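Novice: Shown below is the structure under consideration.
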Amino acid sequence: MNNFFKFLIVFFCILMIFKKSFGDEEKQIDDGHKYNIYTGMFDFSDEGKKSQIIGLQHLNDNLFRDSFIGTIKPVTGFMLTADTATYLYTGIQAEYKIGKLNLIPSFTPGLYHEGDGKDLGHLVEFKSELQLSLDLSPTTEFGFSYNHLSNASLGEKNPGANSYMFNFLKNF
């Protein structure tokens, strides 16, 4: 079975685990925890090392802070590529609401392990991301994001990686 189809199966299984009834949105209790399940292409700009990606991200809306640059909140997540590269990260993101659209830039330092994937040159990597999402309901969003992973020249080499993802965000 193709790796892409394996990733899709895992992605939809995760969706089913976190799925709550869409028809009873108003009956759900929102305790401030939001999860972002995403899939896409890791390092799409490097033909030799691009790979499918899947990840899970947690946001705690109870820890938000309004600041002069927008609503800031912590974000923590984990991603895995089809080539077994992994990235565990935590950082901050800002949120800007434009009607039903959400513009969400983030910065998350983390730990990267290349597995059988691309060598990014260092254990410590920094992810800069921009996400655009659409509110589907009061507790559900669908979006698209682009990110760049780099070690900021901490290592002897710093090839970086550009990725894009489709995001499903759900408050629980």
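The values are calculated or read from the model by the stated rules, or taken from the named source; none is laboratory data. The shown structure was predicted, so the numbers you read here are calculated from the model rather than taken from an experiment. For neighbour counting, all protein chains shown are included, and Cβ atoms are generated from backbone atoms with ideal geometry for every residue, glycine included.
Novice: I'm trying to understand the selection: among the residues of the range 58-89, which are among the hydroxyl-bearing types (Ser, Thr, Tyr) and within 26 Å of ASP31 (Cα to Cα)?
Specialist: SER67, THR71, THR76, TYR89, listed by residue number.
Novice: Here's another thing I want to ask about it. When the range 133-146 is examined, which residues are found to be touching a residue at least 24 places away in the same chain (Cβ under 8 Å) and surrounded by 15 or more Cβ atoms within 10 Å (Cβ to Cβ)?
Specialist: Passing the criteria: SER133, ASP135, THR139, THR140, GLU141, GLY143, SER145.
Novice: Follow-up question, since we're still on this one. Using beta carbons and a limit of 7 Å, which pairs, at least six apart or on different chains, have the first residue in the range 94-118 and in contact (Cβ under 8 Å) with a residue 60 or more places away in the chain and the second one crowded, with 17+ Cβ neighbours inside 10 Å and among the polar types (S, T, N, Q)?
Specialist: So the pair list comes out as GLY117/SER51; GLY117/THR81.
Novice: Look through LYS127, LYS118, LYS49 and report the one residue that is modelled with pLDDT under 95 and crowded, with 21+ Cβ neighbours inside 10 Å. Please lay out each step first, then the result.
Specialist: Details: LYS127 fails: modelled with pLDDT under 95; LYS49 fails: crowded, with 21+ Cβ neighbours inside 10 Å.
Going through LYS127, LYS118, LYS49 in turn, the sole match is LYS118.
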